[in-house]
Amino acid sequence: MIDMENFKKRRNIAILGSTGSIGTQALDVVRGMGLNVTALCANRSIDLLEKQAREFNPSVVAVMDLAAASELKIKLADTSVRVLQGMDGFIEAATLEQNDVVLNSVVGMVGLVPTLAIIGAGKDLALANKETLVAGGQLVINAAREKGVPILPVDSEHSAIFQCLQGSPGDHAFRRIILTASGGPFFGKKREELLDVTPEQALRHPNWSMGAKITIDSATLMNKGLEVIEAAWLFNKGVDDIEVVVQRESIIHSAVEYCDNSVIAQLGTPDMRIPIQYAISYPDRVPSPAKPLDLFEVGKLTFFRPDTETFVCLAACKEAMRRGGLAPAAANGANEMAVELFLKRKIGFLDIGKFVWEAMERQPKVDNFTVEDVLECDKAAREYVMKASHN
């Protein structure tokens, strides 16, 4: 059994995106484990961030929005918590000397630069910001290898794969990834049935409680496409060695197939606190606040092939990874803008996949690129979607 007192001494945690879905659940885990919070970061949700700061008393908090940061300074003037602002503030918070592990759970491309800073500082990285690896995977993985920094996956699927690989004799024995998907709220529907889908309908996920952007991505299967790219980088596999399987009950979170045809899967209730906690506690396991899995209650497990003709985002992401270079960054940037426009009712549900494909195909092939190139590609893809949506 883990010695929790010694464990706590070496687990000072900073959380980027502490007011979002993953961040708030991470704090639930931290609260239960009694760990020390060194830094909290958010975009602009300062009312919740203030409450978190008063409860966990971090050394610093950082707010991306400058006006909101100024307001929070006033709110926290009676405390010892230092308030930072902007991207520089995020980076300072993420690279504090006392940090043992940094959870990056911000949503979108804004997470890339802090991820590279965390790795550069030699901190353990618990990664829930999938766009980091989608857009800048080559840069991130190379930096992590160079610095010897572990990337601990927080996504339920990648955590499952990571757990299934514990004790693996090596890459030679590991043949294939079976990446599971819930299928989202529109499983089984065809394109003509999705023409008039509303944001409210797309936000009704059958199994998981998540933020708006990732929930829309789940409805389009873009989320699964992003996860294919992420898995390819994390586990050094080609996209054709990753099979997506729709597992409607969200009980099997993913599996790996070995060269002897054995398949090892990770199961659990659909509760993000399980993978969050494993990333924080790795390589140890500690009691979880999540509900235990009752297989009798589950009753049955079902499996289906994904419909990539209706949900084209999954196919677009696989093609982007095959093309390599900045194609995944273009697909991701286009999707972020398209989801934003859909939530504002400026475009239709099916337009999301259309714009992702078009932006990805417009991206010229490049072999070597910098962080600045990734950010410029992301900007160009967003601008393309914005312009195309007005035509």
Exercise. How many percent of the accessible area of segment 67-145 is carbon or sulfur, using a 1.4 Å probe?
Worked result: 50 percent
Seminar exercise, completed: Residue span SER80 to HIS390: 0.36 nm per residue of separation minus Cα-Cα distance leaves a gain in nm of 106.7 nm
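Count charges around CYS377 for me, please; just the other residues with Cβ under 13 Å from its Cβ, Lys/Arg as +1, Asp/Glu as -1.
With Lys, Arg at +1 and Asp, Glu at -1, the neighbours total -2.
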Exercise. Heavy-atom accessible area per residue, the chain, 1.4 Å probe: how many Å²?
Worked result: 43 Å²
Seminar exercise, completed: Descending accessible area (1.4 Å probe), largest on the left, turns LYS75, LYS291, LYS123 into LYS291, LYS75, LYS123
For this session: Find out how many positive minus negative residues lie around ALA144, taking Lys and Arg as positive, Asp and Glu as negative, among other residues whose Cβ is under 15 Å from that of ALA144.
Result: 0
Exercise. How do 88-99, 152-163, 107-118, 22-33 rank on mean C-beta neighbours within 10 Å, highest first?
Worked result: 152-163, 107-118, 22-33, 88-99
Problem set entry | Pairwise centroid distance, computed over Cα atoms, of segment 122-179 with segment 181-240, Å | 21 Å
For this session: Normalising by the residue count of the chain, find the relative contact order in percent from Cα pairs under 8 Å and 6+ residues apart.
Result: 15 percent
Problem set entry | Antiparallel %, DSSP beta bridges [both residues in the chain], to 5 | 25 percent
Problem set entry | Segment ARG191-LEU48, extension gain: residue separation times 0.36 nm, minus the distance between their alpha carbons | 47.5 nm
For this session: Set the Förster distance to 30 Å, then compute FRET efficiency between PHE304 and ARG345 from the Cβ-Cβ distance, nearest 0.05.
Result: 0.50
Exercise. So what is the calculated 222 nm ellipticity per residue for the chain, using -39500 (n - 2.57) for each DSSP H run with n of 4 or more, over all residues, to the nearest 500 deg cm²/dmol?
Worked result: -14500 deg cm²/dmol
Exercise. Given a 1.4 Å probe and the protein chains all in place, what does the accessible area of VAL83 round to, in Å² to the nearest 10?
Worked result: 20 Å²
Problem set entry | Probe 1.4 Å, all protein chains present, accessible-area order of LYS51, LYS379, LYS213, largest first | LYS51, LYS379, LYS213
Exercise. So, in nm, how far is label ASP100 from label ALA67 when the simple model puts each one 7 Å beyond its Cα toward the Cβ?
Worked result: 4.0 nm
Problem set entry | Cα-based Kirkwood hydrodynamic radius, segment 118-189, one decimal, Å | 14.3 Å
Exercise. So what's the Cα pair-distance distribution over segment 292-391, bin width 10 Å, in %?
Worked result: 16, 39, 23, 13, 9, 1
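The values are calculated or read from the model by the stated rules, or taken from the named source; none is laboratory data. The model shown is predicted, which means the values in this text are computed figures rather than measured ones. Quick reminder, even Gly has a Cβ in these numbers, built from the backbone with ideal geometry, and neighbours come from all protein chains shown. Areas reflect the complete protein model, heavy atoms only, side chains present, ligands, DNA and RNA absent. Shrake-Rupley method; radii C 1.70, N 1.55, O 1.52, S 1.80 Å.
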